[in-house]
Amino acid sequence: MEESFLPLDTEAMSKPTGNIYKSVAIIGARANQITVNLKEELSRKLAEFAPAHDNLDEITENREQIEISKFYERQPKPSQDAVNAFMKEKVFWRNRDVASDTNSPDLVY
């Protein structure tokens with residue numbers, strides 16, 4: 001289930017990168033990726049319920065659609081998922097400052 005946010009240990013967050021600002025940038029990039037994936041997934045699921053025509057008189061409640069929406073509302077926030085993944089070392093990135101990675105963009109998974 002959802003872990004609550006407690007005060008974050010900035011020293012522990014900065015250890016993987018050596019810089020708290022770089023760590024926060026990586027966490028932010030991962031949170032954006034999670035957000036985009038969730039939006040695409042939700043849009044695909046809700047597209048099944050889209051009416052074939054636009055008629056405001058015929059809009060009805062669909063219990064399945066409501067349940068899908070509630071499910072996504074109860075999910076942890078992407079920023080929280082990103083922080084947890086980073087702290088558990090489940091986020092991959094490349095460092096542009098290292099000579100072997102200079103031709104590669106920063107990647108976050």
> Could you give me the ³J(HN,Hα) list for region 22-30, computed from phi with Karplus coefficients 6.51, -1.76, 1.60 and θ = phi - 60°, whole Hz, x at Gly and Pro?
Replying inline: 5, 4, 5, 5, 5, 4, x, 5, 5
> Taking H as built 1.01 Å from N, whose amide H comes closer than 5 Å to the amide H of L8, not counting residues under 5 places away?
Replying inline: none
> From the phi of every residue in region 36-49, what ³J(HN,Hα) in whole Hz does the Karplus formula 6.51 cos²θ - 1.76 cosθ + 1.60 yield, where θ is phi - 60° and glycine or proline is x?
Replying inline: 4, 4, 5, 5, 5, 4, 5, 4, 4, 5, 6, 5, 4, 9
> What lysines could a cross-link reach from K45, if we take a straight Cα to Cα line under 20 Å and drop same-chain neighbours fewer than 8 places away?
Replying inline: K70, K77
> Could you list log10 I(q)/I(0) for region 10-92 at q = 0.25 Å⁻¹, which the Debye formula gives when each Cα is one point scatterer?
Replying inline: -1.15
>> Using each residue's phi in region 76-87, evaluate 6.51 cos²θ - 1.76 cosθ + 1.60 at θ = phi - 60° and report the 3J(HN,Hα) Karplus result to the nearest Hz, with x for Gly and Pro.
In response: x, 5, x, 5, 5, 4, 5, 5, 4, 5, 5, 5
> Computed FRET efficiency, Cβ-Cβ of S79 and K45, R0 25 Å: what is it to the nearest 0.05?
Replying inline: 0.65
> Could you give the dipole magnitude of region 10-92 about its Cα centre, charging the beta-carbon of Lys and Arg +1 and that of Asp and Glu -1, in debye to the nearest 20?
Replying inline: 760
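Just so you know, all these numbers are worked out from the coordinates, no wet-lab data involved. Since the model is a prediction, treat every value here as computed from it, not as a measurement. Cβ: placed from backbone, ideal geometry, glycine included. Neighbour counts: every protein chain shown.
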